[in-house]
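Colleague: Below: one structure in C-alpha cells.
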C-alpha cells in the first residue's frame, strides 16, 4: 500500500468532519427528544401527584368530620352523665344532711331521756313507789 497523498488525506478529513457533524446533529436531536420526554414525564407525575393530593385531602376531610361528630357525641353523652352524677351527689348530700339532723335529734332525745331518768332516780322520793 502506498503512502496516501495530501489530497486523499484532505478527503478523509472532510469525510470524518461530515460524519462528526452528522453525529453531532443526531446527538442534538436525541438530546431535544430526551428533554421533551423528561418534560412529559414531569408533567404526568405532577398531574398524578395533584390527583393523589386531592383525593387524600377529601379523605382527610371526611375522617376529620367523622371524628368531630364522634367527639361531639361523646361530649354530649358525658355531659348527660356528669349532670346525672351531679344530681345523685346533690341528692346524697341532702340525704346525708337529713340523716345527720335525724341522728342529732335522736341523740338529743336519748340524752334528754337518760338525763331525765338520772334526775328522776337521784331526786325522786323513796315513797313514790317506783
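Colleague: What is the helix-to-structure angle for 6-123, meaning the angle in degrees between its Cα long axis and the longest Cα principal axis of the chain, kept from 0 to 90 and rounded to the nearest 10?
Modeller: Tilt of helix 6-123: around 0 degrees.
Colleague: Stretched out fully, how many nm does the piece from residue 122 to residue 26 gain, at 0.36 nm a residue minus the Cα gap?
Modeller: Taking residue 122 through residue 26 to full extension adds about 20.9 nm, to one decimal.
Colleague: Tell me, in nm to one decimal, what length is gained between residue 60 and residue 109 on full extension, where the rule is 0.36 nm per residue of separation less the Cα-Cα distance? Walk me through the numbers before you get to the answer.
Modeller: Values: separation 49, 0.36 × 49 = 17.64 nm, distance 7.17 nm.
Taking residue 60 through residue 109 to full extension adds about 10.5 nm, to one decimal.
Colleague: Now for a different question. Could you pull the Cα extents of the chain along its three principal axes, largest to smallest, in whole Å?
Modeller: Each principal axis gives a Cα extent; for the chain these are 176, 32, 15 Å.
Colleague: Quote to one decimal, in nm, the extra length available between residue 5 and residue 88 on full extension: 0.36 nm per residue of separation minus the C-alpha distance between them.
Modeller: Length difference between fully extended and current span is 17.9 nm.
Colleague: Let me ask something additional. Could you work out [θ]222 nm for the chain from helices alone, using -39500 (n - 2.57) per DSSP H run of at least four and dividing by all its residues? Round to the nearest 500 deg cm²/dmol.
Modeller: It comes out at -35000 deg cm²/dmol, rounded to the nearest 500.
Colleague: Hey, another quick one. Apply 1/(1 + (r/R0)^6) to the Cβ-Cβ distance of residue 76 and residue 100, taking R0 = 30 Å, and write down the FRET efficiency to the nearest 0.05.
Modeller: 0.25
Just so you know, all these numbers are worked out from the coordinates, no wet-lab data involved. As the structure is a computational prediction, the values presented were derived from the model and not from experiment. A quick note on method: Cβ atoms are made from the backbone with ideal geometry, for glycine too, and the neighbour counts reach across all protein chains shown.
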